[in-house]
Every structure is written in structure tokens, then in C-alpha cells.
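All remarks here apply to the structure that follows.
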Amino acid sequence: EIFRHGWLVEIDPYDPTCVPVKRTALGRFSHEAASIVVAPDGRVVVYSGDDAEGEHVYKFVSEGRYDPAHRASARDLLDRGTLYVARFDEDGRGAWLPLVFGEGPLVPRRGFRSQAEVLIRARHAATLLGATPMDRPEDVEALPGTGRVVAAFTKNTKRTSKAVDAANPRGPNPHGHLLEWVEDGDDPTSLAFTWDVLLLGGPAADGGSGDGDAVLSCPDNLAFDRHGTLWIATDGQTKALGIHDGVYRVPLTGAGRGRPERFLSA
């Protein structure tokens, strides 16, 4: 029964008669978000996080290409392609590792008998590939027209100080953080990227990026406005900071880069 859950399902909002379709090629885990961007060559890329402590960030790259002039041809684009998982290296570089049966450790002697089993057991496959365990991956959003991507990691109170790494620099991490990366060549289908810590949740006294009203904790949902500014909705500040959840504006450039500004309290 558990194998029926943990999948992304696609609907067609323009067709009330459509049957929801389970897109198994995108892997089985606790999906948080399914952020879609079309690459320069027309392939479709879907970013997603696995919302649990010590889990991973994924992206799917379609085999086919999107043609806006032929909408029907896009109906099954998410059925064929390659699922990748992210490794954040200590030097600020990163790599997308393919979850493909028969490659590397994803072979019968390691417990995989088909691509279906790789997708069903995506978490185990990602661990064997050496993907970086993260502090509860939440939303992953790509800035349209660029190779820039931002991911929110809500928190991880289970991470110990001995288990920190460059991409998860605090243990425990009660306030969460954000990473930003740029895909090589500004191409979302690239298999390599450069990353950095954009923001650490919590007050400056706790090593965070904010102070006073400019403090956030437990970042959850992300969005970009038409100016390329990042907006963050929090989920958990009531317990973590003793203040209401809210929506924050975060510039990605200039002197205020990575510094949250509270826009509203919930």
C-alpha cells in the first residue's frame, strides 16, 4: 500500500474531463513542490525537494521537447526522461547524479532489478549515489530565463554539530536556510552548477542573516516577482521564534542580498 503514495500527479486544468495521471518517472518520495521551467532547447525540467530530515533535492529532465504550438504533444512529456539528485560539494560546486538503473551502484547486487525499482526506492538510490542529505528540502524555484535556482530548507533539529557540512552549516538547525545555485551555462538541463548559502534563518545572535524585524525562520514557499526579487512564506516561526509566520522580501543582488525584509505577518 505504501508504494501507492509519494508520487507527483498531473492534471489538465483546461480539460474538466481529464483523468489525473501519476508521473512515476519523477520518482517516489515526499515531494515538496514541482517547479517547472522550459530549457533553451525545449526540454522540460522539474525541480522538487524531499520534505524530510536528511533527504535530497531532485530534478527531472524530459526526453522530449515542449512545443507551445502543439499543446497535445506535451501531454505525456513527464513520462520519459531522467531523474537526477543533487550533490553539493564543499568547494561551492555541485553535480546532478542520474538515478538510472544499471549505472554506478544502481544494479541488481545492490538490490535494484529495474528502473521501476530505482524510482520506487528513489531515497535509497540517492543515498547510494552519494547525494547530499539536506535539512528538510521544501520549495525549489527557478528564476525564468536564467540558470538561477533557489531552494528552501525548513529546519533540521536532528542534525548534530558533528554532522554539518558546507551546504548545511548548522547543527542543530532550528531555523532553516536557503541555498542559491546557478546551473552551468545558465541551462537548467546542465549536470553541474555553482552554489552558495543565500540566507540563514534566525536572528544574528544565533548565526542567522537577520535582526529586528528582518528575521525569518522555517522558510517554506518561494516565488519570484517580475523584477527577479525573491519572496518567502514561512511555516513554523510561532514555535521557532515566538512570532507569527509571515511573508518576506529578499533581494538577490546589491548590498541587501540575502537579507530578509518582513512584508506581512499572518
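The values are calculated or read from the model by the stated rules, or taken from the named source; none is laboratory data. Note that the coordinates shown come from a computational prediction; the quantities given were computed from them, not determined experimentally. Because the Cβ atoms are built from the backbone with ideal geometry, glycine has one as well, and the counts that use them run over all protein chains shown. Calculation scope for accessible area: heavy atoms of the full protein, side chains included, ligands and nucleic acids excluded. Shrake-Rupley method; radii C 1.70, N 1.55, O 1.52, S 1.80 Å.
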Review point. Quick one: is Ser73 open to solvent by less than 50 Å² (accessible area, probe 1.4 Å), of a type outside the set (Asp, Glu) and more than 13 Å from the chain's Cα centre (by Cα)?
Key: no
Check your understanding: Residues in the stretch 158-175 that are open to solvent by 70 Å² or more (accessible area, probe 1.4 Å) and in contact (Cβ under 8 Å) with a residue 24 or more places away in the chain: how many?
Key -> 1
Point to revise | Filtered residues of the stretch 101-126 (kept if touching a residue at least 40 places away in the same chain (Cβ under 8 Å) and either among the polar types (S, T, N, Q) or more than 30 Å from Ala166 (Cα to Cα) (or both)) | key: Ala116
Revision key, fill the gap. Leu191: passes all of (1) within 13 Å of Gly258 (Cβ to Cβ); (2) modelled with pLDDT of 95 or more; (3) among the aliphatic types (A, V, I, L, M) but (1)
Review point. Does Ser35 meet the test of being surrounded by fewer than 17 Cβ atoms within 10 Å (Cβ to Cβ) and either within 30 Å of Glu180 (Cβ to Cβ) or in contact with an Asp or Glu (Cβ under 7 Å, 6 or more places away or on another chain) (or both)?
Key: no
Revision key, fill the gap. Taking the stretch 1-11 and keeping only residues that are at pLDDT below 90 and either in a loop (DSSP other than H, G, I, E, B) or in contact with a helix residue (DSSP H, G or I) (Cβ under 8 Å, 6 or more places away or on another chain) (or both), one is left with Glu1, Phe3
Point to revise | Hey, Thr194 under 30 Å from Trp96 (Cα atoms), open to solvent by 20 Å² or more (accessible area, probe 1.4 Å) and of a type in the set (S, T, N, Q) or not | key: yes
Review point. Out of all the residues in the stretch 9-17, is one or more more than 26 Å from Asp184 (Cβ to Cβ), surrounded by 15 or more Cβ atoms within 10 Å (Cβ to Cβ) and in contact with a Lys or Arg (Cβ under 6 Å, 6 or more places away or on another chain)?
Key: yes
Check your understanding: Just for the stretch 90-136: of the residues that are charged (D, E, K, R) and crowded, with 18+ Cβ neighbours inside 10 Å, which one is nearest to Thr194 (Cα to Cα)?
Key -> Asp135
Point to revise | Candidates Val46, Val150, Val61 - the one that is without any contact (Cβ under 8 Å) to a residue 60 or more places away in the chain, outside any loop (DSSP other than H, G, I, E, B) and crowded, with 19+ Cβ neighbours inside 10 Å | key: Val46
Point to revise | Elements of type strands (runs of 3 or more DSSP E) contained in the stretch 226-266, each with 1 or more residues being over 19 Å from Ala142 (Cα atoms) | key: 246-250, 261-265
Check your understanding: Any idea which residue in the stretch 176-191 is surrounded by the fewest Cβ atoms within 10 Å (Cβ to Cβ), counting only those that are in contact with a Pro (Cβ under 7 Å, 6 or more places away or on another chain) and within 23 Å of Pro219 (Cα to Cα)?
Key -> Leu178
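Test Pro108 against the stated conditions and say whether it is at pLDDT 95 or above and more than 19 Å from the chain's Cα centre (by Cα). First the steps, then the outcome.
Values: at pLDDT 95 or above: yes; more than 19 Å from the chain's Cα centre (by Cα): yes.
In short, yes.
Take the stretch 88-124 and flag every residue that is among the polar types (S, T, N, Q) and in a helix (DSSP H, G or I).
Result: Gln115, single match.
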